[in-house]
Amino acid sequence: MEIVKEILVASFQENKSVIDIVKQDAKKKERLKLLIDYSIFMGENFGKIYLNSTKTACAIIINSEKKKTTLASILWKLNSSHKSNILVK
């Protein structure tokens, strides 16, 4: 999933919604990577992750019917938001 992470980090670095929730300082790229890690975790557990054949584009689709609160998802949210000082909604 490293290529998915690389694609998404590059794609969302200047996204206004991401900028609003990721603290903008020297560690902003590290924080964005944690947010992307969380998105990948959600896709792997409650949806699907798609990567095109040339590995230049990807999508994470969350199935709202499969999405549920689990101990793992709660711990992931707490750990990542504590580490990165970002709000994960």
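In nm, what is the difference between 0.36 nm times the number of residues separating E14 and Y50 and their Cα-Cα distance?
10.7 nm
Pairs of Cα atoms nearer than 8 Å and 6+ residues apart set the relative contact order; for segment 2-83 it is 27 percent. Think of segment 2-83 as having a plus end and a minus end, set by charges on the Cβ of Lys, Arg, Asp and Glu; of I60, L8, I74, I74 sits farthest toward the positive end of this dipole.
In this label model, K66 and N79 are separated by 2.1 nm, measuring between points 7 Å along each Cα→Cβ vector.
The fraction of Cα-Cα pairs per 10 angstrom bin, counted from 0 for segment 2-83, comes to 17, 46, 33, 4 percent, rounded to whole percents.
Among L51, L34, L78, L8, which comes first, second and so on when ranked by fewest other beta-carbon atoms within 10 Å? Don't jump to the answer; show the numbers that get you there.
Working: L51 14, L34 19, L78 11, L8 22.
Fewest-to-most Cβ neighbours within 10 Å comes out as L78, L51, L34, L8.
Over 19 Å apart at the Cα level, from the set K23/K77; K48/K68; K27/K55; K5/K33, are K27/K55.
The charge dipole of segment 1-69, taken about the Cα centre with unit charges on the Cβ atoms of Lys, Arg (+1) and Asp, Glu (-1), comes to about 120 debye, rounded to the nearest 20.
Laboratory data are not the source of any read-out in this text; all were calculated from the coordinates shown. What you see is a predicted model, and the numbers here were worked out from it, not measured in a lab. Note that each Cβ is placed from the backbone with ideal geometry, even for glycine, and that neighbours are counted across all protein chains shown.
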